[in-house]
Amino acid sequence: MIIEIDARGLPCPQPVIKTKEALEETPPGSQIKVIIDSEVSLTNIKKFLSAQGHRLISEIQSGSDFHLLIEKGSSLQEEEYVITCPTSEKGPSLLIIVASDHMGDDRELGRLLLKGFFETMLAQNLLPNRIFFMNTGVKLTTKDEPFIEILGKLEKKGVEIFSCGTCLKHYGLEDQLKVGFRGGSESYMEPLFSYSKVVYIR
């Protein structure tokens, strides 16, 4: 049985997220069919599949729709890649760089403040375009369940979430990423020069 994901009409990066979730829930060798209606999503999904070791079996275009048949890889890889969503789709653009697993000098207080920051963002629907986690910040996307739950909800609302690949490797967390995608310097370098605003948290 082939699982079918209809991601037409979903804003970037939701088609990639839906594809990622479907693959995570299936065993190696399984096949899924993804239907999209955006060339941007097509490019991003191809980047994701190539970086993660999955195989694109076929790509059929029907009008403005793309029908993709994908096979889950048996030996997954973790290459860095960048998902690109045109900022024009979202209006003013905001990048948040999180370089620590807490906010400020006091770690215990800082964790509460940082958690509250993301919770308020979610509750008020004040969403950035992208959040990039680096240094100890990558622990929030891998092993810190309270944060993983909140960040997962932000991702479902269309927030792009990336974790520094070098940082994941440094802390031995390469295979523990639970929300978002692994990314390199390209994930924050381009937004630094093209987004309307950048916020740095440490």
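If you go through the stretch 44-60 and keep only what is under 18 Å from the mean Cα position of the chain (by Cα) and farther than 17 Å from Gly158 by Cα, you end up with Lys46, Lys47, Leu49, Ser50, Ala51, Gln52, Gly53, His54. Determine whether the stretch 15-31 contains at least one residue that is in a loop (DSSP other than H, G, I, E, B), over 19 Å from Gly73 (Cβ atoms) and touching a residue at least 40 places away in the same chain (Cβ under 8 Å). No; the residues of the stretch 15-31 include none that is in a loop (DSSP other than H, G, I, E, B), over 19 Å from Gly73 (Cβ atoms) and touching a residue at least 40 places away in the same chain (Cβ under 8 Å). Where residues in the stretch 41-77 are under 14 Å from Gln31 (Cβ atoms) and basic (Lys, Arg), which of them is surrounded by the fewest Cβ atoms within 10 Å (Cβ to Cβ)? Looking at the filtered set, the residue picked out is Arg55.
Any read-out appearing in this document is the output of simple, stated calculations on the displayed coordinates, not a laboratory observation. Fair warning: this is a prediction, and the values are worked out from it, not measured in the lab. In this analysis, Cβ positions are derived from the backbone assuming ideal geometry, glycine residues included, and neighbour counts consider all displayed protein chains.
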